[in-house]
Amino acid sequence: MSKRSARKSTKDAPPLATASRAEREAMAATQAIVTNQIVINAFVRAAGALGQSDPWALMGRAGLSLTQLAADREGVYTGPKFDQLPNISTGERTALLAALEQLTNDQRPAPPPAVGGSLRFNEVLRNTPMPPDAAHAIPQPPSDNSASGRMMVRIWGQYGGLLSKVGEVLNVDPALAAGVLAVESGGRAFSPSGSMIIRFEAHVFYNLWGRNNQALFDRYFRFDATSPWRGETHQWRPAEDAEWRSVHAGQDGEWQAFSFARVYCNDDAAKLSISMGAPQIMGFNHTTVGYGTVQAMFQAFANDARAQLTSLFRFMEVNGLVENVRTGDYLSFARVYNGPGQADYYAGLIREYVAAFASVKSGVGRGLVQPGSPTPRSPQPATGTGRSLKEDDPELYAAWSKHIQQGFANNQTMFSQVLNAFLNPYWTTV
């Protein structure tokens, strides 16, 4: 059966033969490390994303046997390549490729080092542990119970060590970096499924690829050209007779649209058109943040939160934004980092989170972190009476102490999950 006759929508769906040789080789290399269990999981996830209640029906139509795959779950999958599975539609194939991409993120080789390593904080970054050390990981109890305060507690608990170290070297307030992470991604580098947080910008993809492939782009993507940054107008569809769907329908939606653009249009252009990870840096900034190609940036960000966070500081330094951070000029920062279209909006959000940060991390106000500043001997909150909190208010001290202990427990849980994510593929291979 030909690839064309295997599709539900055959009239104008782009054939996979349009994929470049490099794209095919990359897909083949990825599939070479896929286990039978990952294939099973990919069908389950794809069927769920498509609203199909029976993933095994999809698997059966594709010519695969659940019984055979489950008989050797940890064995390497040796069946047909995903781009060659018969009797499934373009949308189903796209959902499968997106699921496969997500499920194999933690099995890829270590990311290549960034190029252009002359920036003066590189050595500090390499030597700062993740999760952060205890001295920087303990936040003060927020002065209120606001959503922004709670988010900054979580972000500081995850990345405080790294943000503080770089803040000291660059003589900038780490509150700005924490605020940017909060605004861009809620401080999350990866989704619960383990895939990198992304945002596929349809208008950028149009500028980089669609403008020269207008007819094909218009069949599968659309947005409001008068206000291209308005994400609610970004839509895509996996086939010409399919319903239009929002690109920004959660991470599943982002990954499905992105995977379709990669496989059926152009891989490089698709990766250049996504914002990646916790700081949401666009792929077209790969040279700015120290990567020779967008492929190298994508691989590094997909594997390592450290690569994501250090790129935020590289972007700031290369684009001359350090002085804006030092002076609290968030509007100028937002014009460069987020673009001029909604600079006031983003500057306001960053300002809100920076203010919340001041109630989370003792001693960190706007521009107050200086190189060599001594670390307080005790993280206890000051009472203003000259006495310790334990002496002044034992009940409050007990509640605060319990909060800190819970923070340590949460950090240990996070560390264990990260460790397992690295070790499980190793034991599977062994």
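The values are calculated or read from the model by the stated rules, or taken from the named source; none is laboratory data. Bear in mind that the values here come from a model prediction, so they are computed numbers and not experimental data. Because the Cβ atoms are built from the backbone with ideal geometry, glycine has one as well, and the counts that use them run over all protein chains shown. Note: areas computed on protein heavy atoms with side chains; ligands, DNA, RNA excluded. Shrake-Rupley method; radii C 1.70, N 1.55, O 1.52, S 1.80 Å.
Could you run through the range 67-99 and say how many residues are of a type in the set (A, V, I, L, M, F, W, C), modelled with pLDDT of 80 or more and surrounded by 13 or more Cβ atoms within 10 Å (Cβ to Cβ)? First the steps, then the outcome.
Of the residues in the range 67-99, the ones of a type in the set (A, V, I, L, M, F, W, C) are 69-71, 76, 82, 85, 88, 95-99.
With the extra rule that they be modelled with pLDDT of 80 or more, the set shrinks to 69-71, 85, 88, 95-99.
Next cut, surrounded by 13 or more Cβ atoms within 10 Å (Cβ to Cβ) only: 69, 85, 88, 95-99.
Going through the range 67-99 one residue at a time, the tally reaches 8.
Given the range 289-358, what helices (runs of 4 or more DSSP H) lie entirely inside it while holding 1 or more residues that are more than 23 Å from the chain's Cα centre (by Cα)?
Answer list for the range 289-358: 322-327, 330-337, 343-358.
Looking at (1) open to solvent by 30 Å² or more (accessible area, probe 1.4 Å); (2) among the aliphatic types (A, V, I, L, M); (3) modelled with pLDDT under 90, which is the one condition that is false for residue 272?
For residue 272, the failing item is (3).
Please verify whether residue 64 is open to solvent by less than 40 Å² (accessible area, probe 1.4 Å), assigned to a loop (DSSP other than H, G, I, E, B), modelled with pLDDT of 80 or more and more than 30 Å from residue 293 (Cβ to Cβ), treating the condition exactly as stated.
Yes; evaluated as a whole, the condition is true for this residue.
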